[in-house]
Amino acid sequence: MTKMSFREGIRAAMADAMREDPDVVLIGEDLRGGKGGINPDKSIEAFGGVFGVTQGLWTEFGDDRVIDTPITESAIVGMAAGAAVTGLRPVAELMFMDFFGVAYDMIYNQAAKFRYMFGGKARTPLVVRGIIGAGVGAAGQHSNSPYNIFTSTAGIKVVVPSNAYDARGLLLQSIRDDDPVLFCEHKTLYDVKVDVPESAYAIPLGVAAYPREGTDVTVVALAKAAVDSIQVADKLAAEGISVEVVDPRTTSPLDEDGILESVASTGRLVIVDESAARCGFAHDVAALVASKGFDTLKAPIQMVIPPHTPVPFSTPLEQAWIPGPEKIEAAIRAVVEA
Amino acid sequence: MELSELSKEQLLDAYRKMSEIRAFEDRLHKENTGGDIPGFIHLYAGEEAIAVGVCEHLTPADKIASTHRGHGHCIAKGSDIEGMMLEIFGRKEGLCHGKGGSMHIADLATGMLGANGIVGGGPPITIGAALTAKYKGDGNVAVSFTGDGGSNQGLVLEAMNMAVVLNLPVVFVFENNGMGEATGAEFAVGAPSIAKRAEGFGLPAVTVDGTDFFAVHEAAGEAIERARTGGGPSVIEAKCNRFYGHFEGDQALYRTPEQLEELKAKTDPLSIFRDRTDGVLDPAELALIDSESEQRVDAAVATARAAALPDPSDVDTDVYVSY
Amino acid sequence: MAPIYGLEIPKWGMTMDEGVVTEWLVGDGAEVTAGQPVVSVESSKLAGEIEAQGAGVMRRQLGQLGETYVVGTLIGVIADADVSDAEIDDFVTGHGAAAGGGSGSGGGAAVGAATDSEGEPLGATETPANTAAPQGDSATSRTPAPAATAAATSPTVPAPAEDTGADRIPEQLRGSDDGEIPATPHALKLAQEHGIALSKITPTGRGGRVSVRDIQEAVSAAGGQVSFGNDRPKVGRLPVTGDDSAVAATPIARRLAAENGINLNGIRPSGRGGRVTREDVLGHLARTTGSAGGTAQPVAQEPARAAAAPSSSESGTGNNTGNKGTQIPLTQMRKVIAGRLQESYQQSPHFRVTTHADIDELLSIRKQINAGRDDARVTVNDLVVGAAAQALLRVPEVNAQYDPAAQVVTQFEHVDLSVAVSTGEGLITPIVRNADQKKITAISAEMTDLATRAKAGTLGPDEFQGGTFTVSNLGMFGVSHFDAIINPPQVAILAVGAGQRQFVPDDDGAPVARTRLPLTLSADHRVVDGATAARFCRELQRILESPSLIFA
């Protein structure tokens, strides 16, 4: 067991996968960085990923497997999809997940649909990594968390981890998985460290974690929202409010039992979600519980979600936008008193 | 000169494929008017020399990606026409079990990575297949077929740039039939030609007569050989005409019936092939091939009509490998 | 703080689920030394003594003489005299045992008792994992995580709390697990609280995970009931209302339902033509109120009680060379099986026809079905059942019953397919009604339900009597092939062995590996001829090898 940051956990999973399977390659912009630069030292990793996630991988695995590309998202994802369907196991990096907009055809119309359109004959073991999340002033085009959009797309799986332990195990599983997986990394978590085993391990997709067990209210939350919810749960525990935090970890497949059973045991539900004010992940969970667990509820479902706006830039505006700890606490209090 | 390099068997095989494509498409044109085929059909008649001229150089391990007008590419790459016909009729035993249809026929066993309903969708996938071949060092190549309409799509241009940057074993074939849906290439392609524009990406690009099997065959042979031997990507622009509308049901008001008759008379790849092989191949033998093609297509249609439809309970299978 | 030592009902073997406190060897309040035997306990097989783990005073004797407790139940507490009563109480409560008021008067978790007045299972007080974020994972959801899920790794099995008012856990589901069965966190907790063995629950979750619903359904199928969280007393079922006069039912069933205020819309019919029978109503009553009439107890449940402890004997069928035998009286169920099979084998001249089917395509279709539908767990047997039903439609001579007294053969329009299921007490053949008209996924779901309830002993007679043909599959045991005894009044039975990878010559004589399924039909030669049996086998083989025909 060793302390590992979220960044290190993700890097470790890619290294784990590349060591166990020679067909795993990384494709993206500035995974190494510095190609075509004028520095005469050609052994330098100029970037190692925009947040340093892939630092060191080019040095270990070389040009053939850590493939730096131009800034060309359609071709990155398309090439990765084509490579996946012909025998490689690529991990493509979109950098900021907001950029899916310029590459979405290759995810939505191609990789996701190959298997179905081709009558079950295709296998597309593709992972697309991308950075999500508000909180660092990155504003409208570098801050969104569009996992709700991917979740609604049949044919792809969606992983949204909240800590290094989950990230490492889920990413290795995602790379081993034979279906396309969108892997979402919340940028404010990259430096957060938790205990992680030293050797490789995989976590199955579609199994929720219960980072806190409690009896009064269930909080369903992903990524940064899960971390915030744990913090709020610990605070409220001192007041005698017992909060069960359910971190689904993957939105597709979704651990419906894990959510419904928790709600059935507590009778109250708060959902914290950074994806969207409309048709978001929170709405999906709310609909699940309303349709399959309605008579287990003691109070109306509370959703802690952003307003129906792009992510703003200036700190007070951005803080007003984020579904953070104060809002989570208020929602829990409201639902417990209801 | 190309002609003399091909054996009689190779010539007959090429003609058999072109003839089969023509018979298949002509028959679908008739069948479609009966209303028994769901969805959209785009026919390849008039462009046969391109698919066959290119695919004659390919092995089953080489990959191609196609367009919405994909039947010809499937047949040229070796797909079974009965499986295709079953699929187009939406039958359970079709190549894609009735889940893809005309626009998404794929046959991974023959290296056919799928027709594609997205104009310009093929090239990015093709460079992925080329990346696999390059990484594995198996000497295989990948070929994309795209139209003049697709040549203007951003992701096609991205794919060409990426192929040059990574020196991938890929050939981009642009089938310029002069019309993107109902809009002419004259209007829509801003560059002097698709090949001229492609040269700007830093790869060899040629324009050939896509109605002449031998012209296509020669250019494709050179480009594919370059890709196989590590020489990187190439572009072939092959000019041709399509003998039916954009899709079945298109009235084709962008040309007159007289103009169409003239195109058919002057630019039919099958007649041109017959003319070019005059004195080498026996016309009676070619006529026999034509009638055999029609019989095979007849049999495929009969099988498809009699075949079972998919079970509704199969609606949610084949989405994921596991979920 | 001075140590506190608990005394628990031990687990002396794989099959030990509970034990009886037979004697306290020391008095309440007595001084004991480490290693001193303090209490005697008996299981159904063994008797033994439990020793004090450390020195101290016998502070609590929770286990009552003669009472039966689930393995892991806290039955006593030893601690130094200076440990306060409050600390002892905390220990008892934390252990999940039902602590009584004063010293020594604890009730314990007596099996079958239902006395908790609070309604909240005490086992819920186990310490939640409160480390930062990581939750345990490897292959399943709850393999112990680094620094988390204390409950799963705790060396002591939390003692089951008393069942709340309406909760009743049938004996056959009781037990504890070694932590290897994947389950949702709440399912795990529920099983621990009630002393339910997860290994006895049929899982339906992703990756074979047991959910709370799975536990509730198994308990309900076995005639018990278990409530969960806020979801009591009903489990997400809509109340059944509305006019039920149009529901097909036997007159007796209708009257019985009316007397008990039951709406027929809510009852699962098992009778011919989908009619609700008297047994269905009684079964429904048993499941919903726990008050079943005597006849609602299915016969298959009898043997569980009749299977008394084996008695040792030196007489009877034992030999006289000193090798002692054990006499095991036949259960009621076993007697019935013995009589019927003997009658069948003596009276009907059996002959057998054997064939093989290549099932590679079938296996790939099965894989597709199961991969494509997360609710589907179709087995090869389900597909064989579906295929046999289709083959029987084509060869109706085999889909029949024979009445030797009247010398009449009845051929049936539809296939009511009996499927042999092995239960702890013996063989039973629940019936998939109208199997020829059902989708494979429906057959699969029905088989799961029937097999679950067969094992729980809650099938109604209509559910296992009156089939038109039987399939018996021992493939899961790897047998290469076998033949079976006809189940009268049926006229034939199909025996299915294990699919085996074999090389067979292709059209060109080259060896190709195929998976071949051995199929043996036993038929009653009084009414079925060899050619007919062969025709059936050929049809079945054809369908299995062109599995689209199953769905056609």
In the stretch A:166-179, residues that are charged (D, E, K, R), within 11 Å of chain C (Cβ to nearest Cβ) and either free of Cβ contacts under 8 Å to residues at least 24 places away in the same chain or out of contact with any Gly (no Cβ under 9 Å at 6 or more places or on another chain) (or both) total 1
Test: B:Gly180 is at positive phi, among the small types (Gly, Ala, Ser) and surrounded by fewer than 24 Cβ atoms within 10 Å (Cβ to Cβ): no
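Filter the helices (runs of 4 or more DSSP H) completely within the stretch A:5-96 down to those with at least 2 residues that are under 21 Å from the mean Cα position of the chain (by Cα).
A:6-20, A:73-85
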Yes/no for C:His356 being of a type outside the set (A, V, I, L, M), assigned to a loop (DSSP other than H, G, I, E, B) and either without any contact (Cβ under 8 Å) to a residue 60 or more places away in the chain or touching a Leu at 6+ places or on another chain (Cβ under 9 Å) (or both): no
Flagged in the stretch A:180-224 as farther than 24 Å from A:Thr2 by Cα, crowded, with 22+ Cβ neighbours inside 10 Å and more than 7 Å from chain C (Cβ to nearest Cβ), in numbering order, are A:Pro180, A:Val181, A:Leu182, A:Val217, A:Thr218, A:Val219, A:Val220, A:Ala221
Given the conditions (1) away from chain C (no Cβ under 13 Å); (2) in contact with an Asp or Glu (Cβ under 7 Å, 6 or more places away or on another chain); (3) on the phi < 0 side of the Ramachandran plot, which single one is not true for A:Val127? (2)
Sole miss for C:Ala86 among (1) assigned to a loop (DSSP other than H, G, I, E, B); (2) exposed (fewer than 15 other Cβ atoms within 10 Å of the Cβ); (3) modelled with pLDDT of 85 or more; (4) of a type in the set (A, V, I, L, M) is condition (1)
Filtering the stretch A:57-92 for residues that are farther than 23 Å from B:Ile118 by Cβ, in contact with a strand residue (DSSP E or B) (Cβ under 7 Å, 6 or more places away or on another chain) and not aromatic (Phe, Trp, Tyr) leaves a count of 6
May I ask you to say which residue of B:Ser151, B:Ser79 is polar (S, T, N, Q), more than 7 Å from chain A (Cβ to nearest Cβ) and outside any helix (DSSP H, G or I)? B:Ser79
Can you name the residue in the stretch C:489-514 that is part of a loop (DSSP other than H, G, I, E, B) and in contact with a helix residue (DSSP H, G or I) (Cβ under 7 Å, 6 or more places away or on another chain) and, of all such residues, is nearest to C:Arg352 (Cα to Cα)? C:Val491
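Here is a yes/no grid of residues against (1) under 25 Å from C:Ile337 (Cα atoms); (2) assigned to a strand (DSSP E or B); (3) under 18 Å from the mean Cα position of the chain (by Cα):
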{"position": "C:Ala391", "(1), (2), (3)": "no, no, no"}
{"position": "C:Glu397", "(1), (2), (3)": "no, no, no"}
{"position": "C:Gln401", "(1), (2), (3)": "yes, yes, no"}
{"position": "C:Ala406", "(1), (2), (3)": "yes, no, no"}
{"position": "C:Thr410", "(1), (2), (3)": "yes, yes, no"}
{"position": "C:Leu427", "(1), (2), (3)": "yes, yes, yes"}
Of the conditions (1) surrounded by 24 or more Cβ atoms within 10 Å (Cβ to Cβ); (2) within 27 Å of B:Gln153 (Cβ to Cβ); (3) among the β-branched types (Val, Ile, Thr); (4) away from chain B (no Cβ under 14 Å), A:Ile149 clears all except one; give me its number. (1)
In the stretch A:52-91, residue surrounded by the fewest Cβ atoms within 10 Å (Cβ to Cβ) [restricted to those that are under 22 Å from A:Ala167 (Cβ atoms), out of contact with any Asp or Glu (no Cβ under 8 Å at 6 or more places or on another chain) and more than 10 Å from every other protein chain (Cβ to nearest Cβ)]: A:Glu60
Count of the stretch A:106-124 residues which are over 20 Å from the mean Cα position of the chain (by Cα) and either on the phi < 0 side of the Ramachandran plot or more than 9 Å from chain B (Cβ to nearest Cβ) (or both): 11
How about the stretch A:240-338: which helices (runs of 4 or more DSSP H) wholly inside it have at least 3 residues that are touching an Asp or Glu at 6+ places or on another chain (Cβ under 8 Å)? A:256-266, A:281-292, A:325-337
What is the one condition in (1) under 19 Å from C:Val281 (Cβ atoms); (2) among the polar types (S, T, N, Q); (3) surrounded by fewer than 23 Cβ atoms within 10 Å (Cβ to Cβ) that C:Gln437 does not satisfy? (1)
Considering B:Phe247, B:Phe214, B:Phe243, which residue is more than 30 Å from B:Val165 (Cα to Cα), out of contact with any Gly (no Cβ under 9 Å at 6 or more places or on another chain) and not small (Gly, Ala, Ser)? B:Phe247
When you scan the stretch B:115-135, how many residues do you find that are in a helix (DSSP H, G or I) and either more than 7 Å from chain A (Cβ to nearest Cβ) or aromatic (Phe, Trp, Tyr) (or both)? 6
How many of the residues in the stretch B:11-49 are under 18 Å from B:Asp275 (Cβ atoms), part of a helix (DSSP H, G or I) and not charged (D, E, K, R)? 7
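The values are calculated or read from the model by the stated rules, or taken from the named source; none is laboratory data. Because the structure is predicted, anything quoted here is derived from the model rather than measured. When we count neighbours, we look across all protein chains shown, and the Cβ atoms used for this are built from the backbone with ideal geometry, even at glycine.
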